[in-house]
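Quick notes on the structure that follows.
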Amino acid sequence: FLKKDVITPVLNLRDVADEITKGNLNKKVDIHGPDEITELAAAFNSMTDSIKKTIELEKELAVSREERKNEKLTTIGLLASRIAHDVRNPLSVIKNSVELLEVQSMKRNDENEKKKFVRLNRAITRMTNHLDSVMEFVRIKPLKLESASMYGIVKSVVQSTQKPENITIDLPTNDSHIVCDASALEVVFANLMLNSIEAIGG
């Protein structure tokens, strides 16, 4: 009597509990036996169902949060794209104005002016690349991969980066050629240099 009505149901309850701890929430306890055992089995099954529903709800909430996050990122991307588009027009005006001034300055043949125009044109090119990067945030565009000089990329960035007089940037003496998008890497190195300069402070 004890084995049939008490011990066997309790052992069954223990086995089901072991399965549940392993993640098998579909396992159920057979409801039979004395009233106390039946009530215990029913309560155990009810608890298992509650845990299962809670986990399913958490998964749904996680998916919902991810969807909202994606919606926010999409909105931010579209807004950034709009801003980049609006900035591109005045940047084109600046570029054209610089080109006109550069043509006029050729008559003076001033080396300092030539260097300034080189820095200006490089800065405009970098800003254009920044804008292109923002525009690419909401659309997929393949990289322009080609063999490029790492020294040439870094040197170009250094020459067009405005920095305090008390900060020096030592260029490497060696060089390596890699297959990359040179314009995209210039943006990366420019950001690294500007962040480093700001981090140095005084």
Go through Ala184, Ala199 for me and flag whichever is surrounded by 15 or more Cβ atoms within 10 Å (Cβ to Cβ) and modelled with pLDDT under 85. Ala184
Does segment 161-168 contain any residue that is at pLDDT 85 or above and of a type outside the set (Ser, Thr, Tyr)? no
Identify, from the list Lys155, Lys144, the residue that is at pLDDT 85 or above and touching a Leu at 6+ places or on another chain (Cβ under 7 Å). Lys155
Among all residue pairs at least 6 apart or on different chains, which show Cβ distances below 9 Å where the first residue, located in segment 62-88, is within 23 Å of Asp132 (Cβ to Cβ) and in a helix (DSSP H, G or I) and the second is at pLDDT below 75 and of a type in the set (S, T, N, Q)? Ala84/Ser133
Output the number of the condition that Ile153 fails; it satisfies all remaining conditions of (1) among the aliphatic types (A, V, I, L, M); (2) assigned to a helix (DSSP H, G or I); (3) farther than 17 Å from Arg122 by Cα. (3)
In segment 95-109, anything modelled with pLDDT of 80 or more, of a type outside the set (A, V, I, L, M, F, W, C) and surrounded by fewer than 12 Cβ atoms within 10 Å (Cβ to Cβ) is listed as Asn96, Ser97, Gln104
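The values are calculated or read from the model by the stated rules, or taken from the named source; none is laboratory data. Being a predicted model, the structure only gives us computed values, none of them experimental. Positions of Cβ are generated from backbone atoms using ideal geometry, with glycine treated the same way; all protein chains shown enter the neighbour counts.
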